[in-house]
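Worksheet: one structure, shown below.
The values are calculated or read from the model by the stated rules, or taken from the named source; none is laboratory data. The structure displayed is predicted, hence computed values, not measured ones. Note: ideal-geometry Cβ built from the backbone for every residue, glycine included; neighbour counts use all protein chains shown. Please note that ligands, DNA and RNA were not included when accessible areas were found on the heavy atoms of the full protein model with its side chains. Shrake-Rupley method; radii C 1.70, N 1.55, O 1.52, S 1.80 Å.
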Amino acid sequence: MDKYLIVGLGNVGDEYDLTRHNTGFMVLDAFAKASNICFEDKRYGFVAETTLKGRKVFLLKPSTYMNLSGNAVRYWLTKENIDQKRLLVISDDVALPLGDFRLKGNGSNGGHNGLGHIQQLIGQNYARLRMGIGNEYARGGQIDWVLGRYSEEEQKELQPSIDLAVDIIKSFVLAGIDITMNQYNKLGKRAKTKSE
């Protein structure tokens with residue numbers, strides 16, 4: 001049975017709930033809710049398992065804190081003997097406006113600490129879904145921005161993208177990265193207008 005590892009990046013702890021840096025966690029929580037599965041506290045992270053048309057899918061929310069996310073990713077890839085081509089990492093991105101997203105098959109970490117640590121440990125060749133969180137902060141204010149909580153208004157604006165991200169995960173598992181990029185990246189700039 002083919003196995004897939006879907007990783008949502010974030011920080012554990014109530015004080016980080018609904019913060020911009022935890023957008024990856026929010027996507028996986030939405031996927032788990034839609035799939036009616038629960039996360040269990042396991043080594044290096046919270047893990048949920050499901051199957052999609054005969055493919056085994058592991059959802060991972062690392063408990064290592066953002067800057068050491070690579071430890072969790074490398075451990076679960078090795079433990080479950082998952083090919084790196086079947087890894088998808090979901091992260092927040094200040095370079096994209098709130099509600100926009102971008103799926104890529106590989107690439108640089110774009111200055112993101114979680115992606116940077118994963119890259120240190122396993123290289124750049126893995127798929128990543130970057131969820132835009134905007135960058136409306138003054139110079140020097142990036143840390144406060146990414147660790148700040150979404151307002152109710154922002155959550156509403158983000159929700160269509162989170163719903164699409166759940167579909168993207170399914171497509172990545174069932175159809176592969178190339179077909180999924182072709183199908184969804186064109187929606188990445190319009191996710192927030194879908195519900196208007």
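Among the residues of the range 69-105, how many are part of a loop (DSSP other than H, G, I, E, B) and either surrounded by 15 or more Cβ atoms within 10 Å (Cβ to Cβ) or modelled with pLDDT of 95 or more (or both)?
So in the range 69-105, the residues part of a loop (DSSP other than H, G, I, E, B) come out as 80-83, 94-100, 105.
Remaining after also requiring either surrounded by 15 or more Cβ atoms within 10 Å (Cβ to Cβ) or modelled with pLDDT of 95 or more (or both): 80-83, 94, 96-100, 105.
Result for the range 69-105: 11.
Which members of the range 16-65 meet the condition of being of a type in the set (Phe, Trp, Tyr) and either touching a Gly at 6+ places or on another chain (Cβ under 7 Å) or closer than 20 Å to Arg128 by Cβ (or both)? Walk me through it before giving the result.
Kept after step one, since they are of a type in the set (Phe, Trp, Tyr), are these residues of the range 16-65: 16, 25, 31, 39, 44, 46, 58, 65.
Passing the criteria: Tyr16, Phe25, Phe31, Tyr44, Phe46, Phe58, Tyr65.
Taking the condition of being in contact with a strand residue (DSSP E or B) (Cβ under 6 Å, 6 or more places away or on another chain) and not small (Gly, Ala, Ser), how many residues in the range 24-37 meet it? Step through it out loud before you land on a result.
Quick first cut of the range 24-37, residues in contact with a strand residue (DSSP E or B) (Cβ under 6 Å, 6 or more places away or on another chain) only: 24-25, 27-28, 32, 35, 37.
Within this subset, residues satisfying the condition of being not small (Gly, Ala, Ser) are 25, 27-28, 37.
Here the count works out to 4.
Please state which one of Asn113, Asn109 is under 16 Å from the mean Cα position of the chain (by Cα), without any contact (Cβ under 8 Å) to a residue 40 or more places away in the chain and surrounded by fewer than 22 Cβ atoms within 10 Å (Cβ to Cβ).
Details: Asn113 fails: without any contact (Cβ under 8 Å) to a residue 40 or more places away in the chain.
Going through Asn113, Asn109 in turn, just one is under 16 Å from the mean Cα position of the chain (by Cα), without any contact (Cβ under 8 Å) to a residue 40 or more places away in the chain and surrounded by fewer than 22 Cβ atoms within 10 Å (Cβ to Cβ): Asn109.
Quick one: in the range 35-67, which of the residues that are at negative phi and in a loop (DSSP other than H, G, I, E, B) is surrounded by the most Cβ atoms within 10 Å (Cβ to Cβ)?
Checking each candidate, the answer is Ser63.
Could you tell me whether the range 125-143 includes any residue that is touching a residue at least 12 places away in the same chain (Cβ under 8 Å) and farther than 20 Å from Gly10 by Cβ?
Scanning the range 125-143 turns up at least one residue that is touching a residue at least 12 places away in the same chain (Cβ under 8 Å) and farther than 20 Å from Gly10 by Cβ.
I need a count of the residues in the range 134-155 that are over 22 Å from Asn67 (Cα atoms) and outside any loop (DSSP other than H, G, I, E, B).
Going through the range 134-155 one residue at a time, the tally reaches 4.
Any residue at all in the range 173-180 that's open to solvent by 20 Å² or more (accessible area, probe 1.4 Å), in a loop (DSSP other than H, G, I, E, B) and not charged (D, E, K, R)? Talk me through it step by step, then tell me what you get.
Initially, the range 173-180 is screened for residues open to solvent by 20 Å² or more (accessible area, probe 1.4 Å), giving 174-179.
Still in the list and also in a loop (DSSP other than H, G, I, E, B): 176.
So of that shortlist, the ones also not charged (D, E, K, R) come out as 176.
Among the residues of the range 173-180, at least one is open to solvent by 20 Å² or more (accessible area, probe 1.4 Å), in a loop (DSSP other than H, G, I, E, B) and not charged (D, E, K, R), which makes the answer yes.
Looking only at the range 122-133, decide whether some residue is aliphatic (A, V, I, L, M), closer than 14 Å to Lys104 by Cα and open to solvent by 30 Å² or more (accessible area, probe 1.4 Å). Write out each step before concluding.
Just the residues of the range 122-133 that are aliphatic (A, V, I, L, M), to begin with: 122, 127, 129, 131, 133.
So of that shortlist, the ones also closer than 14 Å to Lys104 by Cα come out as 127, 129, 131.
Next, from what is left, pick out any that are open to solvent by 30 Å² or more (accessible area, probe 1.4 Å): none.
No, the range 122-133 contains no residue that is aliphatic (A, V, I, L, M), closer than 14 Å to Lys104 by Cα and open to solvent by 30 Å² or more (accessible area, probe 1.4 Å).
Scan the range 52-60 and give yes if some residue there is closer than 20 Å to Tyr126 by Cα and among the charged types (D, E, K, R), otherwise no. Working first, answer last.
Going residue by residue through the range 52-60, those that are closer than 20 Å to Tyr126 by Cα are 55-60.
Okay, now just the ones that are also among the charged types (D, E, K, R), so 55-56.
Yes.
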